[in-house]
Each structure stands twice: as C-alpha cells, then as structure tokens.
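Please read the structure below before turning to the comments.
The values are calculated or read from the model by the stated rules, or taken from the named source; none is laboratory data. Here the structure is a predicted model, which means the values were calculated and not measured. Glycine also receives a Cβ, built like all others from the backbone with ideal geometry; neighbour counts cover every protein chain displayed.
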Amino acid sequence: MKTLIATAAAATAATSILATTALASGPVAPQPYVPPVVAAPVASYDWTGAYVGGGLTYGRMGMDTNGALPSYPDATGLGLSAIGGYNWQSGNMVYGAEVALDFSERDGTGDCGIAGNTCESFANHQASIRGRVGYAMGSSLMFATLGYATDSRSVTTTGFGSDGARYNGAVVGVGYEQAIAGGDWTVRGDLEYYFYGDETLNGVTTNGDSSLVRLSVMRRF
C-alpha cells in the first residue's frame, strides 16, 4: 500500500511540473494555414494541327423570283463533301482556316408558276473558304465559321428558255465536332447558310440564298 501511495504522489508531482513549465513558456502560437498544392489541369485533348475529311451534305438552294414569272423551283438534294484545314489552340479557344467542297448536282422541278409549263433548276458543285473559331471542352469542340462561297446555277424552262449564272457570297455556319475515343479521328456536323443575293436568269431577278447541312468524318494529323 505504501508503494502505491508513493507512486501516485510521484505522478502527481510530475504532472504539476509539466503544467508549470507549459504555463511559463506562454501560449503556443497558431501555425499559419498552408493550402494544399494542386497541380494545374492538363488539357485532355489538343486540337492543334491539320485535318482532312469527307462526308455527306443535304442542301436547299433557293431560287426565289419574289413572285415574278417564270417562278423557279428550289434545287434540293444530297451531295458529297470534302474539307481540309488547320487549327491552332490557345487554352480553350480554337482558331482555324479551312476549305470546304460540295460535289453535288441538286435539282428541282416545277410549273414555272404557270399551268402547263415546266421549269427545272440546277445547283452544282459548291465551294467555300472560311475561318473557324471554337471553344474546346476536352475532346469536344463547339465552333462557328465565316467565309466566302460560290456555286453554279442554271434553269431550263418551256416557253422561257434556258439560262445560267454563278452565285457568290458570304457563308456563316455553326457546328459541333467530337473526337472518337480521344484519338485522331473525329465526327463533325455543320449547319450553314449562304447569303448569295440576286442574279438574273432569263431576265428575272432570282435570289439564291441557300442552306446546307454537312456531316463529316475527319482525320487529324
């Protein structure tokens, strides 16, 4: 029993000495907060480089005579597409330039606005050169295009004769491109509008404004 009492007394004395020492040294200053180091995110996909691709288009090439006769039908139909260009990426922004070709022979048939007559419209081989700017989200890219385009139009009618003209004007578009499995192949969709304005066909002022949908498979280098 005496041994237990002596041990307890020694422990109490040691605790008192430690407490007195801590009080004598003053309060411990709080340590400054050091935030954890977070590594900068690494871009998961790089859009910089050249690309080529091919696919399909569907277009409606306007032939609006604004009520004048003969009234030409719009030329519609499918075509084959080819695109080639180059991208530069800075952060999430992607800039580029490209050439797009549309190998097509779209046509339309109507009555010229006069019963018993026949009108045929043709729109062939559209081409454009344009700039592109987009916002990259990893392997996805949303973009807009702006440039200059041209195509060839012709009409054949009964009672009014045949004529042709080349249409030229601005093209604007929006689109989306997605890398396949993060690799060098992408799929791409474009919606484009062509401000071709007016040309004269058989003496009739004919507006050629047009729209086109383009679906492509691309190879990047």
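Being modelled with pLDDT of 95 or more and within 18 Å of SER162 (Cβ to Cβ) is the filter here; which residues of segment 119-134 pass it?
CYS119, GLU120, SER121, PHE122, ALA123
Which members of segment 186-221 meet the condition of being among the aromatic types (Phe, Trp, Tyr) and either within 20 Å of GLU105 (Cα to Cα) or surrounded by 14 or more Cβ atoms within 10 Å (Cβ to Cβ) (or both)?
TYR193, TYR194, PHE195, TYR196
Of ASN117, ASN124, which residue is out of contact with any helix residue (DSSP H, G or I) (no Cβ under 7 Å at 6 or more places or on another chain) and assigned to a loop (DSSP other than H, G, I, E, B)?
Just a single option satisfies the conditions, and that option is ASN117.
Which residue pairs have Cβ atoms closer than 6 Å, lie 6 or more positions apart in sequence or on different chains, and pair a first residue in segment 171-198 that is over 17 Å from GLY49 (Cα atoms) with a second residue that is among the polar types (S, T, N, Q)?
Pairs that qualify, where the first residue is over 17 Å from GLY49 (Cα atoms) and the partner is among the polar types (S, T, N, Q), are VAL171/SER128; GLY173/THR145; TYR193/SER211; TYR194/SER210; ASP198/THR205; ASP198/ASN207.
For every residue, the table says whether it meets (1) polar (S, T, N, Q); (2) modelled with pLDDT of 65 or more; (3) out of contact with any Cys (no Cβ under 9 Å at 6 or more places or on another chain); (4) part of a helix (DSSP H, G or I).
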{"position": "SER16", "(1), (2), (3), (4)": "yes, no, yes, yes"}
{"position": "PRO27", "(1), (2), (3), (4)": "no, no, yes, no"}
{"position": "PRO35", "(1), (2), (3), (4)": "no, yes, yes, no"}
{"position": "VAL38", "(1), (2), (3), (4)": "no, no, yes, no"}
{"position": "SER44", "(1), (2), (3), (4)": "yes, yes, yes, no"}
{"position": "GLY53", "(1), (2), (3), (4)": "no, yes, yes, no"}
{"position": "TYR58", "(1), (2), (3), (4)": "no, yes, yes, no"}
{"position": "GLY67", "(1), (2), (3), (4)": "no, yes, yes, no"}
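Any idea how many residues of segment 99-111 are surrounded by fewer than 20 Cβ atoms within 10 Å (Cβ to Cβ) and under 30 Å from ASP46 (Cβ atoms)?
Adding up the residues that qualify gives 2.
If you scan segment 69-91, which residues turn out to be in a strand (DSSP E or B) and not polar (S, T, N, Q)? Don't jump to the end; show me each part of the working.
Of all residues in segment 69-91, those in a strand (DSSP E or B) come to 75-90.
Hits for segment 69-91 are ALA75, GLY77, LEU78, GLY79, LEU80, ALA82, ILE83, GLY84, GLY85, TYR86, TRP88.
Check off (1) closer than 21 Å to ASP209 by Cβ; (2) touching a Phe, Trp or Tyr at 6+ places or on another chain (Cβ under 9 Å) for ALA97 and give me the number that stays unchecked.
Evaluating ALA97 over (1) closer than 21 Å to ASP209 by Cβ; (2) touching a Phe, Trp or Tyr at 6+ places or on another chain (Cβ under 9 Å) leaves (1) as the failure.
Among the residues of segment 112-131, are any basic (Lys, Arg), buried (at least 19 other Cβ atoms within 10 Å of the Cβ) and closer than 17 Å to THR206 by Cβ? Spell out how you get there, then give the answer.
Here is the first cut: in segment 112-131, the ones basic (Lys, Arg) are 130.
In the following step, the residues that additionally are buried (at least 19 other Cβ atoms within 10 Å of the Cβ) were identified as 130.
Those left that are additionally closer than 17 Å to THR206 by Cβ: none.
So far as segment 112-131 goes, no, none of its residues is basic (Lys, Arg), buried (at least 19 other Cβ atoms within 10 Å of the Cβ) and closer than 17 Å to THR206 by Cβ.
Restrict the check to segment 152-169 and report whether at least one residue is out of contact with any Ser or Thr (no Cβ under 6 Å at 6 or more places or on another chain), modelled with pLDDT of 95 or more, within 23 Å of VAL52 (Cβ to Cβ) and hydrophobic (A, V, I, L, M, F, W, C).
no
Can you tell me which residues in segment 58-96 are aliphatic (A, V, I, L, M) and either touching a residue at least 60 places away in the same chain (Cβ under 8 Å) or surrounded by fewer than 21 Cβ atoms within 10 Å (Cβ to Cβ) (or both)?
Start the filter on segment 58-96 by keeping residues that are aliphatic (A, V, I, L, M), which leaves 61, 63, 68-69, 75, 78, 80, 82-83, 93-94.
Hits for segment 58-96 are MET61, MET63, ALA68, LEU69, ALA75, LEU78, LEU80, ALA82, ILE83, MET93.
If you take the residues in segment 153-181 that are touching a Gly at 6+ places or on another chain (Cβ under 9 Å), hydroxyl-bearing (Ser, Thr, Tyr) and surrounded by fewer than 19 Cβ atoms within 10 Å (Cβ to Cβ), which one is farthest from TYR193 (Cα to Cα)?
THR158
Consider TYR167 carefully, then state whether it is under 23 Å from the mean Cα position of the chain (by Cα) and part of a strand (DSSP E or B). Full working, then the answer.
Values: under 23 Å from the mean Cα position of the chain (by Cα): no; part of a strand (DSSP E or B): yes.
In short, no.
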